[in-house]
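Below is one structure, written out as structure tokens; comments come after it.
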Amino acid sequence: MKKALSLVLALAIALSLVACTSTGTTTTTTSEDQTTATTEQATETQNLDPIVLGCSGPLTGNNAQFGENALNGIMVAIEEINADGGLLGGRMLEVRSYDDKGTGEEGASVAELLISDEDVCAVPSAAYGSSVGLVEAPLFQEAGLVAISNSASHPDFSATGDCIYRNNLTEAGELQYAYQMPQVVGAKKLGIVSMMSEFGESFTAGFEALQEQYGDKVGFEIACVSWFTDGTVDFAPNIAELINAGCDTIIFFAEYNNFASFAIQYRKLDPNAQFIGLMTCYTPDLVNLGGDSVEGVYLYSCLNPNSTNPEVQKFVAAYKAKYDGAEPDFVAANAYDSVKIIAAAIEQAGSADREAIREAIKTAHVVCTAGDLSFDANGDAVKSVVMFKIENGQFIEVEGAFKLWDEFVASLS
Amino acid sequence: MKNFDIKLLEGLEKSKYIVGAAVALLVISLPFFGASQYLLRVATNIGIYAILALSLNLITGYAGQVSLGHAAFMAIGAYAFIVFTTKYPIGFFPAMGVGILFSALAGLILGAPTLRLSGAYFVIATTGFSELVKVIALNWKSVTNGATGIRNIIRPTVFGIELTNANGGQYWFMLFWLAVSIYICYAIKYSKFGRALFAIRDDDLAAKMAGINTSLTKVTAFVFSAALAGVAGVLYATMTRYVEPNTFTMDISTIILCIVIFGGMGSMVGMLISTFLLIAFPEALRALAMYRFIIYGLILIIMVRFRQQGLISGVSKLPYKLPKGVYIDRG
Amino acid sequence: MFLQQIINGISIGLIYALVSVGYSLIFGVLRMMNMAYASILTVGAHFCLSLVQAKFGFFPAIIVALVLTGLVSVFFDVSMLAPLRKKTGSDSVTVLITAIGFNYILLNLCLVIWGSERKPFQNVFDFGSLQVGSVIFDSSQIVIMATALVILAALTWVIYGSKIGLGMRAVQQNTKAANLAGVNTKVVITFSFFISGITACIAGFLIASYYQLIYPTMGVALGGKAFAAAVLGGIGVLHGSVIGGLIVGILECVAVYFFGGGVRDAVAYIILILVLLLVPSGLFGKSENTKV
């Protein structure tokens, strides 16, 4: 009995291995969405090979929401392109998506998997965030596979090489807007709450550097910088620090899920302080989690769903229709745009080879949710953001809040 | 029937060198068979976990002490190695030596006071140590670069060729260290020291009565174990080329424990096969990767309950091997 | 500010106390470290979430969740631990490994079933806040404090005042002798696990309600710290666990006051290691000699 049990156990695992080696790396755990998306058109265009895109993102773990949204954005773009007859005269698009769990180890493994899969011609969505992105980037670069991140902000990311692109604000770019926020909302004593993470540490350092430069001209001072570690749920010690420093405005450098917990606990003690969140807080899940406590929060995003841009309207409508009325966030919009620009590069090159895409994407441009999108010599896209305030659980645009950086600096003196 | 069993086992015993040599040849020549970069990476990862399993086996399989802090020794080895390649560059191999030395030292510092604790308390102490190392790595920014982590860790260069994953160099580098680890474990197993460890595992008190300095023996084994984990830490750092405090989590320690228990505590071949099965399966069946830790948990429970000797039971089933020229009449 | 941090420490400490009592309960009966407790707590909280959402009444839902969690805990004992107790050659490490294995299974089942993202959880005890001098107490803090004390009192009564408690204490001292003296050890142990499941569910529910959110990994860090608190107070001693929890909570907040937020997580583990090295039996535990 005992022997039999352990034998069964061993056999099960051995079988799973055999299953793997026989099909090699072509077995892919495609999402359910994908199969439905591709089978619809498969009947008409069976004779043409599909064009396969790769996707790496956290589908489990703390940042699973962002990985899922990126994949959703890709699916919307692919469906749209396939419905228009595909690329290169009828070849359908397809995505192979793998869960990198938001860790460097898994990220590297997924990157190698995509590189080794010869069908994959480009990666419109590499890893969520810079810390996993920076592990994957050198691998993609070595292999000559074009990869775009829709969320990395670290300056080194796109500097990795000519295969690595960033369809998001750079850290310096994002800081220019984040630094305007306290000024716009009329902060006097600003408290910074930051997570001890790659992003939190470098963003705080960048913010403090700006304050050093312009601190005597802006209307606010940094009264307190309070740190917490990933996984914290009880912010009481941080809140005590902030209240003790007399902060009237709090800016929060971490994702929406942490921010919601923080806001709930802070509101119990001080209902009046103003909150500022970053782009990663712009998601309806913030309101779901935070409820009344996130009422009045100021934040910004590079996607404005209320924009009159027809491309944005088309994307938001398609996204909501496909995902039961869910609101897209900036990652979803960026991922959608990334597929579009890769599609443009493929059409421009007239081929879906890795090498051809690598050349074509340098000059490719496409009209999409971000306006006229193209990459500069560093491999970065130019992005602008819009400010929002949460009112009655809705993200309401605060018009004309941001100035161009030079104008902002000029307006100070 | 019984005789047949014994003959079969003896046959296996004789052919094991041939089988072993064939497997070794196959393993060494893997990069020539056009294995993809991804397969090489998985293979390298398996090798690193095999070293970790051998390392934990020294303390768990031989001395009967369960540690859940091996990820911490990996972290210490990796970080020490990185500091001595970046801040005080002394070259790859000396830095690797320093990394291993630091891990061994940490093993001594943790092992000396805690190994006198009884079984379960020692497990808890190693768990706490593991968490502590993580917090230190997060806060000691001047050395570890905090949560930002360290990127582009140097890779070894041999005869002017940088060993990368694409050229199979990383894989062979891992194989070299795996061979070294196997040799060390083999040497320990058949030494006086190794027999002392087995005696402690079977009966601590009796071992003490027999004149074995049990504390010293256990601590020495733990230091060796930590040093091997340090080797794995350095290999891991050069393979992934990115290290941050959350790289070395409790999950890694649990996986290693699972491998050791699955493979049969004390058996070295069992260790290798078990590593191969447990590390390759989530890669092979990515759809099942979600259930990975459920399966690991089941393995822990089932093995501990039904087959404590592991999947491949150690030497116990073989008849005692007689010296050459000595025969007994089996009737 | 310092005073406020002490108050925060007490409030965090009470949450640790709520959890560490659960570790002590099982240890008190079986001399076993129930490392699966944190996951049972998480499962309990998720039961509450799903059953309350099923909308057949709030209180019936909570009661069903309590019973279900109790059954999960009993299942753990009957299917995995009981066979080990029968088997010769199982030591504390074997049991510990089984508990760790079950912990992983539960945690990952939660991830598969409920998803990894943080979900909102209703705050049931929001009756405003109470201000004493410059210090503000939140109503949920008061509820947690009251519940922790009630659980402590109830468990103390069960163990020291009831007949089954007598059996529990007998099992703790010598399982075989208790059996010979007519104590139905099986029933006593099963009962202990059922009670421990119920306290886990209550703790999980209160914690989710206090922070107004719920997610599968909620028990991971909490479990580790609460375990450290239990060891500090002398694992197996109920009131020791409560005091241990308070000490860990307060020291954590004091550490934030002096060294900033980064060192906070280290406090519990430093305490754990120091206690294991210096006074393995904890502050209130009786030291035991290993029998030869």
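Test A:Glu327 against the stated conditions and say whether it is open to solvent by 20 Å² or more (accessible area, probe 1.4 Å), in contact with a helix residue (DSSP H, G or I) (Cβ under 8 Å, 6 or more places away or on another chain), acidic (Asp, Glu) and not in a helix (DSSP H, G or I). So A:Glu327 passes the test. If I go through region A:220-235 residue by residue, how many of them are within 12 Å of A:Ala254 (Cβ to Cβ), part of a loop (DSSP other than H, G, I, E, B) and facing another protein chain (nearest Cβ under 7 Å)? Number of matching residues: 2. The residues in region B:84-106 that are open to solvent by less than 70 Å² (accessible area, probe 1.4 Å) and more than 14 Å from B:Arg155 (Cα to Cα) can be counted, and the count is 7. If the condition is being open to solvent by less than 10 Å² (accessible area, probe 1.4 Å), out of contact with any Ser or Thr (no Cβ under 7 Å at 6 or more places or on another chain) and facing chain B (nearest Cβ under 9 Å), then region A:110-131 contributes only A:Glu112. Within region C:100-146, the set of residues being of a type in the set (Gly, Ala, Ser) and either open to solvent by 30 Å² or more (accessible area, probe 1.4 Å) or within 27 Å of A:Phe259 (Cβ to Cβ) (or both) comprises C:Gly115, C:Ser116, C:Gly128, C:Ser129, C:Gly133, C:Ser134, C:Ser139, C:Ser140, C:Ala146. Select, from C:Val248, C:Val220, C:Val242, the only residue that is more than 9 Å from every other protein chain (Cβ to nearest Cβ), part of a helix (DSSP H, G or I), open to solvent by 10 Å² or more (accessible area, probe 1.4 Å) and out of contact with any His (no Cβ under 7 Å at 6 or more places or on another chain). The conditions single out C:Val242.
Any residue at all in region C:75-85 that is more than 30 Å from A:Thr283 (Cβ to Cβ), under 22 Å from the mean Cα position of the chain (by Cα), touching a residue at least 60 places away in the same chain (Cβ under 8 Å) and surrounded by fewer than 20 Cβ atoms within 10 Å (Cβ to Cβ)? For region C:75-85, residues more than 30 Å from A:Thr283 (Cβ to Cβ), under 22 Å from the mean Cα position of the chain (by Cα), touching a residue at least 60 places away in the same chain (Cβ under 8 Å) and surrounded by fewer than 20 Cβ atoms within 10 Å (Cβ to Cβ): present. Filter region B:81-96 down to the residues that are among the aliphatic types (A, V, I, L, M) and under 19 Å from the mean Cα position of the chain (by Cα) and list them by number. Within region B:81-96, just B:Met96 meets the criteria.
Scanning region A:266-283 for residues that are open to solvent by 20 Å² or more (accessible area, probe 1.4 Å) and within 12 Å of chain C (Cβ to nearest Cβ), which turns out farthest from A:Asn392 (Cα to Cα)? Checked region A:266-283; the qualifying residue farthest from A:Asn392 (Cα to Cα) is A:Leu269. With respect to the stated conditions, A:Gln213 is more than 19 Å from A:Tyr298 (Cβ to Cβ) and more than 21 Å from the chain's Cα centre (by Cα). Residues that are under 12 Å from B:Ser55 (Cα atoms) and hydrophobic (A, V, I, L, M, F, W, C) within region B:181-198 comprise B:Ile182, B:Ile184, B:Cys185, B:Ile188, listed in sequence order. Taking the criterion of being in a helix (DSSP H, G or I) and either of a type in the set (Phe, Trp, Tyr) or under 27 Å from A:Gly107 (Cβ atoms) (or both), the residues of region B:26-43 that qualify are B:Val27, B:Leu30, B:Pro31, B:Phe32, B:Phe33, B:Gln37, B:Tyr38, B:Leu39, B:Leu40, B:Arg41, B:Val42, B:Ala43.
Take the conditions within 14 Å of another protein chain (Cβ to nearest Cβ) and of a type in the set (S, T, N, Q) and apply them to A:Asn82. Does it pass? No; evaluated as a whole, the condition is false for this residue.
Within region A:144-160, the set of residues being open to solvent by 10 Å² or more (accessible area, probe 1.4 Å) and without any contact (Cβ under 8 Å) to a residue 60 or more places away in the chain comprises A:His154, A:Pro155, A:Asp156, A:Thr160.
In region A:78-109, of all residues being part of a strand (DSSP E or B) and of a type outside the set (S, T, N, Q), the one that is surrounded by the fewest Cβ atoms within 10 Å (Cβ to Cβ) corresponds to A:Arg91.
Scanning region C:55-66 for residues that are in a helix (DSSP H, G or I) and loosely packed, with under 15 Cβ neighbours inside 10 Å, we see that the one that is nearest to the other protein chains (Cβ to nearest Cβ) is C:Phe58.
Do the conditions hold for B:Val143, that is, is it modelled with pLDDT of 85 or more, away from chain C (no Cβ under 12 Å) and open to solvent by 30 Å² or more (accessible area, probe 1.4 Å)? Judged against the criteria, B:Val143 is a match. Within region A:261-277, one or more residues are within 20 Å of A:Ala152 (Cα to Cα) and either free of Cβ contacts under 8 Å to residues at least 24 places away in the same chain or within 21 Å of the chain's Cα centre (by Cα) (or both). Would a scan of region C:256-265 turn up a residue that is over 19 Å from the mean Cα position of the chain (by Cα), surrounded by fewer than 21 Cβ atoms within 10 Å (Cβ to Cβ), closer than 26 Å to C:Gln5 by Cβ and touching a residue at least 24 places away in the same chain (Cβ under 8 Å)? Yes, region C:256-265 has at least one match.
Yes/no per residue for (1) touching a residue at least 40 places away in the same chain (Cβ under 8 Å); (2) open to solvent by 20 Å² or more (accessible area, probe 1.4 Å):
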position: B:Ala207; (1), (2): no, no
position: B:Thr214; (1), (2): no, no
position: B:Ala226; (1), (2): yes, no
position: B:Ala232; (1), (2): yes, no
position: B:Ala237; (1), (2): yes, no
position: B:Thr249; (1), (2): yes, yes
position: B:Ile255; (1), (2): yes, no
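Results for (1) modelled with pLDDT of 85 or more; (2) of a type in the set (A, V, I, L, M, F, W, C); (3) within 30 Å of C:Phe76 (Cβ to Cβ), shown as yes or no for each residue.
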position	(1), (2), (3)
B:Ala229	yes, yes, no
B:Glu244	yes, no, no
B:Gly264	no, no, yes
B:Ile295	yes, yes, yes
B:Tyr320	no, no, no
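Just one of (1) facing chain C (nearest Cβ under 9 Å); (2) more than 30 Å from B:Gly270 (Cβ to Cβ) fails for B:Leu68. It is (2).
Counting the residues of region B:156-199 that are within 14 Å of another protein chain (Cβ to nearest Cβ) and open to solvent by less than 50 Å² (accessible area, probe 1.4 Å) gives 7. From the list C:Val72, C:Val95, the one residue that fits, being within 13 Å of chain B (Cβ to nearest Cβ), closer than 24 Å to B:Ile294 by Cα and either small (Gly, Ala, Ser) or open to solvent by 20 Å² or more (accessible area, probe 1.4 Å) (or both), is C:Val95.
Just one of the numbered conditions (1) assigned to a helix (DSSP H, G or I); (2) away from chain C (no Cβ under 14 Å); (3) touching a residue at least 12 places away in the same chain (Cβ under 8 Å); (4) farther than 27 Å from C:Leu96 by Cβ is not true of B:Ile153: (1).
The values are calculated or read from the model by the stated rules, or taken from the named source; none is laboratory data. Owing to the predicted nature of the structure, the values given are computational and were not obtained by experimental measurement. Note that we place each Cβ from the backbone using ideal geometry, even for glycine, and neighbour counts take in every protein chain shown. These accessible areas exclude ligands, DNA and RNA; they are computed on the full protein's heavy atoms, side chains included. Shrake-Rupley method; radii C 1.70, N 1.55, O 1.52, S 1.80 Å.
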